[in-house]
Amino acid sequence: MPDHTDVSAQAAPGGSSGAIPTPSQMARAAEDAAFGKATSNQLKSFLLALTAGGYIALGFVFFTTSQVGAEQLPFGVAKVMGGLVFATGLALVVLTGAELFTSSTLTLTARASGRITTWQLLRNWVVVFVGNFIGALTIVVLIHLGRVWEQAEGRWGAVVLDVALKKVHHDFLTAFVLGVLCNLMVCLAIWAAYSGRTTVDKVVAVTMPIALFVATGFEHSVANMFMIPLGILVRSTAGQEFWATSGLDAGAYGDLTWTNFLVDNLLPVTLGNIVGGGVMIGVLYWTIFHFLDRPGRALGSPTVGARPAAAAKGEAAGD
C-alpha cells in the first residue's frame, strides 16, 4: 500500500481492461485512498493540504470574477455560471492529488473497517484542516496585495464583501445544514472521480456536483477560509476612494469580523461538512458495500459471472 493514495494518482479500480469500475470497486478505492491519507507522512499531507487550500481559494477567485456584472443576468444563470467556474478549484485538487479537508472526512470509511485508529483519523483531519487554512490565507494575502479587489471600479471587492457578509449572517443551524448539503455534493464528486480513467473523465465527474453546491449557496469550510477573511481584510483596509467608487457603505459590513467568521460560520459549517461527507457519503457507502456485503466476499469483487463457492472450494482443495 502506498503511503498516500489519491484520486489522481491511484490506478483505476476497474483494472486495466478499460471497463468502468463497479460501485463496489469504487467503494474499495475510496477506502484505500482514505487509508493512504491517514497513514501517510503527515508533513506530506500538510504540504498537499496547503496546495488544496490554495486551489479552492483560486476557484473562489474565478467565481468572484464571474459574478462582477452578473446581476444583469437571470439569477439562476449567474449562479450556475459561478458554480461551473468554481469547479476549477476541485478539479485542480483531484488532478494534483492535493489533500482537502472536506474530502478527507471520507477517512471515516477506513476507521469503520478498523484499518486506522481514531487517533490517525483525527490527526489527519487536524493536519489537513490547518494546511487548508494556511493555503487559503496565502491566496487572500496575494489577492489583497495585488489589489485585485479594486478591479472594475471596486465591483470585484463588492462581490467579495456581499458574499462574505451573507455567510456570517446564517444562524448556527442554517450554516450547519448548508455545510451538510455542501459536503454531500463534494464527496459525491470525489467518489464519482474514482470511476474516471482519464483527465477529462475526472474533470467532468467533479464539475456538475460542485457547480450544484456553489450555485445553490451551500457552505464549504475551506472555501470560506478564503472568502470571509478576504472580506474582512477589504472592509478593514479599503480607503475612502474604494467605498466611493464602489458605491458601498462601509458601515453595512461591520459584521465582517474574525469572531463572527469563526463562531457563526466556520464552526457550524465544518461540523456540517463532516456529517455530510464523512457520514452521509462515506459511512453510508461503507455500510452498503462493506458491512452488508456477504460474509467472506471481498469488497469490490465481481458479482456477474462469478463461480459458485462450491466450485471454488473444490479447486482450492485440489491445490
Subset of the range 127-139, residues more than 15 Å from the chain's Cα centre (by Cα) and crowded, with 21+ Cβ neighbours inside 10 Å, comes to V127, I139
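Let's see how each residue does on (1) touching a Leu at 6+ places or on another chain (Cβ under 8 Å); (2) among the aliphatic types (A, V, I, L, M); (3) crowded, with 23+ Cβ neighbours inside 10 Å:
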{"position": "F46", "(1), (2), (3)": "no, no, no"}
{"position": "I56", "(1), (2), (3)": "yes, yes, yes"}
{"position": "V68", "(1), (2), (3)": "no, yes, no"}
{"position": "L100", "(1), (2), (3)": "yes, yes, yes"}
{"position": "A110", "(1), (2), (3)": "yes, yes, yes"}
Hits in the range 176-204 (condition: β-branched (V, I, T) and either closer than 13 Å to I281 by Cβ or surrounded by fewer than 18 Cβ atoms within 10 Å (Cβ to Cβ) (or both)) | V180, V186, I190, T198, T199, V200, V204
Among all residue pairs at least 6 apart or on different chains, which show Cβ distances below 6 Å where the first residue, located in the range 150-175, is open to solvent by 10 Å² or more (accessible area, probe 1.4 Å) and the second is part of a helix (DSSP H, G or I) and among the β-branched types (V, I, T)?
-> E153/T245; V159/T64; K167/I228
Any hit, the range 249-259, residues being in a helix (DSSP H, G or I), open to solvent by 50 Å² or more (accessible area, probe 1.4 Å) and among the polar types (S, T, N, Q) = yes
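The values are calculated or read from the model by the stated rules, or taken from the named source; none is laboratory data. Since the structure is predicted, the reported quantities are computational estimates derived from the model, not experimental observations. Backbone-built Cβ (ideal geometry, glycine too); neighbour counts: all protein chains shown. Only protein heavy atoms, including side chains, enter the accessible area calculation; ligands, DNA and RNA are left aside. Shrake-Rupley method; radii C 1.70, N 1.55, O 1.52, S 1.80 Å.
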